[in-house]
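The values are calculated or read from the model by the stated rules, or taken from the named source; none is laboratory data. Because the structure is a prediction, the values reported are computed rather than measured. When we count neighbours, we look across all protein chains shown, and the Cβ atoms used for this are built from the backbone with ideal geometry, even at glycine.
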Amino acid sequence: MNVTRVYGILAHPAGHSLSPAIFNAAFTEMGIDAKYEIFDVESLDKYEVENSKFWQNLNPNLAGLSVSLPYKQSVIEFLDDVSEDVRAIGACNTVKIADIQNDDGGVKKIAIGFNTDCFGFMESLKEKIASVKDLNVIVLGAGGAARAIVYGLVKEDAKVVVLNRTVEKAAKIAKDFSKLCEGGRIVPVQFGRLDEIENFKCDVLVQATAVWLDEKEADFNFVSEEFLQKNEPVVFDIVYKPLITPLLQMAIDNGCDIITGEKMLLNQAVKQFEIWFGEKAPKDIMSKALNKLIA
Ligand code: ATR
């Protein structure tokens, strides 16, 4: 008997997630017998003892999960294995549940963790800029999203500066991702406070703080018009609500190229699809479903 495979998003709150529309459109397009649901789980604490049963508890036919805030780190302890990206970034946004053969011939389910945020970001950037090698990239923010972004940039030899309200968190990212090159030379990731931005050169400016989610968004004063005019960076805001954030509007007004946040959401979802099904994702269909929701 064929069982409909279940996928979903594990987050809290998760009610406003755009992922069900994106993935269900992809399943229909590809004729895949699967459905994508919302798993809005208030806490993972009660699952701790029953570690191996966690996935079954969510749904017996669960085959994969997208993981969002606040579980990208805490989900790792429930996994049987993780990718190199998850190990380096310290966060997991994708789980694949796979069947493997036991030694006794039976079948056992294992859960493997991946991180597609890094790919989603780099892919979106590459749609605008062919290579980031030796470009000066400033990343605003030092949360989980910034960690995935800095990891991707450093791997491709960008010169990265991380600026954050809490400077200690920027220092930690800089320490974790400064890169040891051939010949033992260390290429440092620089760091500082948000108000130190004027001290750095900038070809690409990445906005990865949660400032737009804050009620006091008028607080956003860490990028000036003069800075944009002097450096003319490509400005990428990873937030997609609103699509044109106040920073992106300022970038447009000052003649800078921009990248909007929904591109990263789409590209990380495309990679998730490919991890789950091992085939190319119907990106156009997924993009259409997403654009319908944010238009
Ligand atoms: P995410 O996983 O989306 O990166 P996060 O880990 O909660 O979320 O990180 C949020 C980031 O937004 C942090 O860099 C945070 O700065 P602090 O480390 O100082 O807390 C930043 N942030 C949130 N609200 C902000 C605001 N009003 N101004 C500046 N930075 C803000």
Response to the item:
Counting only residues in region 69-117 that are surrounded by 18 or more Cβ atoms within 10 Å (Cβ to Cβ) and within 13 Å of the ligand (Cβ to nearest atom), the one nearest to V204 (Cα to Cα) is identified as D117
Discussion item. Return the residues of region 140-174 that are surrounded by fewer than 20 Cβ atoms within 10 Å (Cβ to Cβ), near the ligand (Cβ under 9 Å from one of its atoms) and in a loop (DSSP other than H, G, I, E, B); say none if nothing qualifies.
Written reply: G143, R165, T166
Item to complete: Out of the residues in region 39-61 that are in a helix (DSSP H, G or I) and touching a strand residue (DSSP E or B) at 6+ places or on another chain (Cβ under 6 Å), state the one that is modelled with the highest pLDDT.
Response: L58
Worksheet item: What is the residue count in region 119-139 for residues that are surrounded by fewer than 18 Cβ atoms within 10 Å (Cβ to Cβ) and within 16 Å of the ligand (Cβ to nearest atom)?
Response: 0
Worksheet item: Do you know which residues across region 62-116 are at pLDDT 95 or above, over 19 Å from L44 (Cβ atoms) and in a strand (DSSP E or B)?
Response: A63
Worksheet item: D257 passes all but one of (1) in contact with a strand residue (DSSP E or B) (Cβ under 6 Å, 6 or more places away or on another chain); (2) within 16 Å of the ligand (Cβ to nearest atom); (3) at pLDDT 95 or above; which number fails?
Response: (2)
Worksheet item: In region 175-212, what count of residues is obtained for those that are among the acidic types (D, E), away from the ligand (no atom under 16 Å from the Cβ) and touching a strand residue (DSSP E or B) at 6+ places or on another chain (Cβ under 9 Å)?
Response: 1
